[in-house]
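The values are calculated or read from the model by the stated rules, or taken from the named source; none is laboratory data. Just so it is clear, the structure is predicted and the values come from calculations on it, not from any experiment. Cβ placement follows ideal geometry from the backbone for every residue including glycine, while neighbour counts extend to all protein chains displayed.
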Amino acid sequence: MADDIKAAAEAARRAALQLSQASEEERNNALEAIAHALTANQDQILAANARDLALAEKMVAGGKLGAPLLGRLKVDEAKLKGQIVVGVRSVASQEDPINKTLTATELDEGLDLYRVSVPIGVIGVIFESRPDALVQIACLCLKSGNAVMLKGGSEAFYSNRVLAEVMIAATVGLPGIPDGWMHLLEAREEVAAILDLHNLIDLIIPRGGNELVQYIMSNTKIPVMGHADGICHVYVDKDANVEQAKRIALDAKAQYVSVCNAAETLLVHRDIADVFLPDMVKIYQDAGVEVRGDESVVRLADNIVPATEADWETEYLDLIISIKVVEDVEAAIAHINTYSSHHTDAIVTEDQQTASRFLQAVDSASVMHNASTRFADGFNYGLGAEVGISTIRLHSRGPVGLDGLVIYKYVIEGHGQIMGDYAGEQGKTFTHRKLEAVWTPKL
């Protein structure tokens, strides 16, 4: 098996070199072909997904899979046409991330330096549950000129297989699109195999739970970009609009519970707790949310499960919320920076100074003022889609779209200059003058 995976990675490496040279028109044409093929093969895709759902429901009944994950797994006609296919065309409509001039500097007259965006190369993505993630990731890689090796969760086995087959078939023979730009890995053992290929794979993006991410980071020399947990917070300040806070706190928790940008902890300023919490707890409970709270919350409302230390550091991905009463915004910031996974955190307040303090001090990839944490998403941010959310401090943070899938290289345009002309006491000096010029390949 390891030899087969190595051969696939070598093919992906060759494809990446070719795809990086494809024109934007060629890549966009391929994306449109994929969108058309997904629509044309709707019946086949939905049948495969129904097969996955039937197996997953048995796993839920047997306690081997969490019920909220069924929602992430399901693909129906509305999701296929209204979200997945729309997402493909949204990626195609984005500005081309390749060959953008990031900086231009005159080193000397007739000697110009450009920093130009280029694809990363071969990207390995390991994801769970969501078949639509396969489409998003592959299309973002195609648009950004990267080859991609994908490993989905076993619960979406048949859906992922059909989607990959449809997408690959749609691009066969298209100008500029090489064979091998997309590979689907299906066996669990293949994950370990690709982690050894640091000379062929340039970046690994895990989209799954903390256990998966920690395993990958501990077992590869390949750079890893992603996030382990989505422990997101909403802080309701003493100067919050109470009705607005109720809507935001409910949406952040219950609008879609099994996603990484759903809130897991609600923090409430002590001065507003008596007014806000009894109603908020009832709103949660009426929505089927189990409420866990500290001593102050337990005193203020009924049917509260006492929160433990573990609750503050748990990503539930379920209809559970932990609530804590804090002294002020500084206590909220301290709690978040202690327990947060640096993903997404929100404040609800009408005091602009307090909001600014929170937004500046909270160390997370996305911070919100008077808005739900659920907005932290590549499509919502206008990125077309996302390959995942990054909480690491490398070149990309937060929802990772096309700009997060490119790096840069330096290009010098000269007229026969040599370094010897600039060496020694009598050597020429550099001008280092910023230019407005743009470098474009002359094809």
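Give me the pairs: first residue in segment 2-15 and within 14 Å of G121 (Cα to Cα), second residue small (G, A, S), beta-carbon distance under 6 Å, and six or more apart or on different chains, which are they? Listed pairs, sorted by first residue: A11/G180; A12/A147; A12/G180; A15/A147; A15/G180. The set of residues in segment 396-439 being surrounded by 10 or more Cβ atoms within 10 Å (Cβ to Cβ), assigned to a loop (DSSP other than H, G, I, E, B) and outside the structural domain of E95 (by TED's automatic domain parsing) consists of G414, Q417, A423, G427, K428, F430, T431, H432, L435, A437, V438, W439.
When we screen E295, E290, E264 for residues that are of a type in the set (D, E) and closer than 15 Å to T373 by Cβ, the only hit is E264.
Only one of V148, V116, V172 is free of Cβ contacts under 8 Å to residues at least 12 places away in the same chain and outside the structural domain of V259 (by TED's automatic domain parsing). Can you tell me which? Residue meeting the stated conditions: V172.
Of all residues in segment 129-160, count the ones that are part of a helix (DSSP H, G or I) and in contact with a Leu (Cβ under 7 Å, 6 or more places away or on another chain).
We begin by selecting, within segment 129-160, every residue part of a helix (DSSP H, G or I); these are 131-143, 154-160.
Then drop every residue that is not in contact with a Leu (Cβ under 7 Å, 6 or more places away or on another chain), which leaves 131, 134-135, 137-143, 155-156, 160.
Residues that pass the stated criteria total 13.
Restricting attention to segment 103-128 and to residues that are of a type in the set (G, A, S) and either assigned to a strand (DSSP E or B) or buried (at least 24 other Cβ atoms within 10 Å of the Cβ) (or both), the residue that is nearest to the chain's Cα centre (by Cα) turns out to be G124. Can you name the number of the only condition in (1) surrounded by fewer than 20 Cβ atoms within 10 Å (Cβ to Cβ); (2) closer than 19 Å to A30 by Cα; (3) in contact with a helix residue (DSSP H, G or I) (Cβ under 7 Å, 6 or more places away or on another chain) that Q136 fails? In the conditions (1) surrounded by fewer than 20 Cβ atoms within 10 Å (Cβ to Cβ); (2) closer than 19 Å to A30 by Cα; (3) in contact with a helix residue (DSSP H, G or I) (Cβ under 7 Å, 6 or more places away or on another chain), Q136 misses (1) alone.
For the criterion of being of a type outside the set (S, T, N, Q), assigned to a helix (DSSP H, G or I) and more than 25 Å from the chain's Cα centre (by Cα), L38 fails. Pairs only if they're at least six apart or on different chains, beta carbon under 9 angstrom, first in segment 277-300 and of a type in the set (D, E), second in a helix (DSSP H, G or I); list them, first residue then second. These pairs meet every condition: D279/V242; D279/K246; E290/Y284. State all residues of segment 165-179 that are surrounded by 20 or more Cβ atoms within 10 Å (Cβ to Cβ) and among the small types (G, A, S); if no residue qualifies, say none. Matches in segment 165-179: A170 only.
Taking the condition crowded, with 23+ Cβ neighbours inside 10 Å, of a type in the set (S, T, N, Q), within 21 Å of V224 (Cα to Cα) and assigned by TED's automatic domain parsing to the domain that holds E25, does S159 pass? The answer is no for S159.
Of the strands (runs of 3 or more DSSP E) lying entirely inside segment 187-305, those containing at least 1 residues that are surrounded by 22 or more Cβ atoms within 10 Å (Cβ to Cβ), at pLDDT 95 or above and among the polar types (S, T, N, Q) span 263-269. The residues of segment 397-438 that are among the hydrophobic types (A, V, I, L, M, F, W, C), more than 20 Å from K100 (Cα to Cα) and either in contact with a Gly (Cβ under 6 Å, 6 or more places away or on another chain) or without any contact (Cβ under 8 Å) to a residue 12 or more places away in the chain (or both), listed by number, are I418, M419, A423. One residue stands out in segment 339-369 among those that are in contact (Cβ under 8 Å) with a residue 12 or more places away in the chain and surrounded by fewer than 16 Cβ atoms within 10 Å (Cβ to Cβ): the one that is nearest to D251 (Cα to Cα), namely H369.
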